[in-house]
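Beneath this line is the structure, given in structure tokens, with notes to follow.
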Amino acid sequence: MTEQSYSEDPLADRETDHYRKEYVTTFVNKWDELIDWEGRADSEGQFFIDILRARGKERVLDVACGTGFHSVRLTEAGFDVTASDGSAAMVAKAFENGQKRGLILKTTQADWRWLNRDVHGKYDAIVCLGNSFTHLHDESERRRALAEFYAALKHDGILIIDQRNYDTMLDRGFSTKHKYYYCGDQVTAEPDHVDDGLCRMRYSFPDGSSYTLNMFPIRKNYLRRLLSEAGFERVRTYGDFQETYAEDDPDFFIHVAEKSALHLVRWGSAASDDKPDIRNVTETYYDSDDADTFYSTIWGGEDLHVGRYATTADIRTASDLSIEAMIERLPPIDAQTRVLDLGAGYGGAMRTLVRKTGCEAVGLNISETQNEYNLGKIRAAKLGNRISVRHGAFEDVPEPDASFDVVWSQDSFLHSDQRDTVLAEAWRVLKPGGHLIFTDPMQADDADPAQLQPVYDRLSLNSLGSPGFYRAAAEALGFETLEQEEAVSDLRTHYARVREELLANYDRLRENGASQEYLEKMAVGLQNWVTAADQGHLAFGIQHFRKPD
């Protein structure tokens, strides 16, 4: 077909199967003019590649491959990609585009509603991009497609799905910067008609030709609800590749939906003595919307560690001073230095360290939510060539022996009930002469664990380390003890300041999505830490050890 086919009233063509009459060969052949592969690659950067790599995904199904832009990019990045589309013309064009770049794409034609009939096997990830999901005009078909996606994913698979910002189009009218998705300078993409059941987009090209697509204007929160009801446990939403955005600003929303996650399979071990695996507890806690809203709001989305308060009462400034204090204790760092951050959180420490010294850094962290946020910050800072992010646990570091000059950590080891194993992993990955430097909220050497139960309860901990424990465990491995600083006053001030900011920003936190139960429990928990510090039960300070040459 070379001519699009509509009824006498195109606005009445509101059925899913009509897409077959819209993606005619002449339109498909012009699609790459609309996208502009080079412009699109520049605008989205490593966004999808980073998300897939950070989660350890390898086998990817591109269910709306179009002319192959994302299938080609992901294949070139080393992923095992199957390119699929409901349009035979699009699949053929994708294969042709792959050939032009020296690739033989695995391609198949498949309708999402019968995906598992036509595409076999399980995938680590499915991507459904280019506003394609809005070709489904009936809710029953949308639900069926999501069920097919869910069934085609492995137990810990993810679905990445995008959509136009129809909320703004429906509520305030159409406007676009064409900054990220449709990058062709001489091509326009604007709606002829928008109502609650139809968005009819017109694509006009420099030669005077134009084509239209009839799509259903799906609202953002409606799609998020469908994803949750389809069984996806967690849905993160980005606007034009950023996690924070004004609701009416992005042209497109991107949803990253996580299928049910089996933590024990992921980490490869089970808890003992019928106690919960602290890694699971920690991952679930920091991946929750409550925790993400609280920490990103109160700490400013850069760091999660205790600050230095001798010269300031500002949490963000104090956090920066804590990083500076650790850098000052290390030998000179340059572009040849490799640093591993265990429990990197939002990644602010490594971004600061790399900007200041030019070193190479790896951030290992258990929270996928924080890792995705960190990756966005790394892209924005243009540090992607110096910092990489790994999703994993620091009891089993996915890095080779003797591969780092410095192992760094801030206030993370408390989340492990195998802290001796964490130190052993630090020893393993450090080069001879390498430095281990960290801070950790600790209990005093002579503290009674029974008196610390309210402190443990805030983060569902079984215990805390102590200065004596860390010194003994480190020296047993062969480390030299360089310094064990005493700075518990900073710990006390920090938790008091965080509690003050929580109470001052309570309404804002609730508006941003934090639950009342979470905030009230946090306020009590923070006070328990302040009280324990006042009673002499806690310890804190920089712990600095060296692996002998």
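Dipole orientation for the chain: of the candidates Tyr518, Ile378, Gly468, Ile378 has the Cα lying most toward the positive pole (charges on Cβ; Lys, Arg +1; Asp, Glu -1).
Indicate, rounded to the nearest 5 percent, the antiparallel portion of the DSSP beta bridges found entirely in the chain.
Numbers: 37 of 72 bridges.
For the chain, the DSSP antiparallel bridge percentage is about 50.
With a simple spin-label model that places each label point 7 Å from the Cα along the Cα-to-Cβ direction, the separation between Asp549 and Arg101 comes to 4.9 nm.
Below 8 Å, C-alpha to C-alpha, sequence gap of six or more: please give me the relative contact order for the chain in percent. Let's see the in-between values first.
On the way: 1021 pairs, mean separation 58.4, N = 549.
Computed over the chain, the figure is 11 percent.
If packing is taken as the average number of other Cβ atoms within 10 Å across a peptide's residues, how do 470-483, 37-50, 211-224 rank, most packed first? Mind showing how you got there, number by number?
Details: 470-483: 15.6, 37-50: 17.3, 211-224: 19.1.
My ranking of the peptides, most packed first, is 211-224, 37-50, 470-483.
Using packing as a proxy for protection, rank 3-11, 505-513 so that the peptide with the highest average count of other Cβ atoms within 10 Å comes first.
Working: 3-11: 11.9, 505-513: 14.0.
By packing density, highest mean first, the sequence is 505-513, 3-11.
Multiply the residue gap between Thr481 and Lys122 by 0.36 nm, knock off their C-alpha separation, and tell me the result in nm, one decimal place.
Numbers: separation 359, 0.36 × 359 = 129.24 nm, distance 4.94 nm.
Taking Thr481 through Lys122 to full extension adds about 124.3 nm, to one decimal.
Summing Cβ point charges (Lys, Arg +1; Asp, Glu -1) relative to the Cα centre of the chain gives a dipole of roughly 900 debye. For Lys431, a cut-off of 19 angstrom between C-alpha atoms picks up these lysines, skipping any fewer than 8 places away in its own chain: Lys547.
Note on Lys122: lysines with a C-alpha under 17 Å away, same-chain residues under 8 apart excluded, are Lys57, Lys106, Lys154, Lys259.
Label-to-label distance for Asp171 and Arg329 is 4.9 nm, based on points extended 7 Å past Cα in the beta-carbon direction.
Would you list Lys30, Lys106 from the most to the least accessible area, probe 1.4 Å? Please list the in-between numbers first.
On the way: Lys30 35, Lys106 95 Å².
So, going from the largest accessible area down, we get Lys106, Lys30.
The values are calculated or read from the model by the stated rules, or taken from the named source; none is laboratory data. In this text the structure is predicted, and so the values were computed from the model without any measurement. Quick reminder, even Gly has a Cβ in these numbers, built from the backbone with ideal geometry, and neighbours come from all protein chains shown. Heads up: the accessible areas ignore ligands, DNA and RNA and are worked out on the full protein's heavy atoms, side chains in. Shrake-Rupley method; radii C 1.70, N 1.55, O 1.52, S 1.80 Å.
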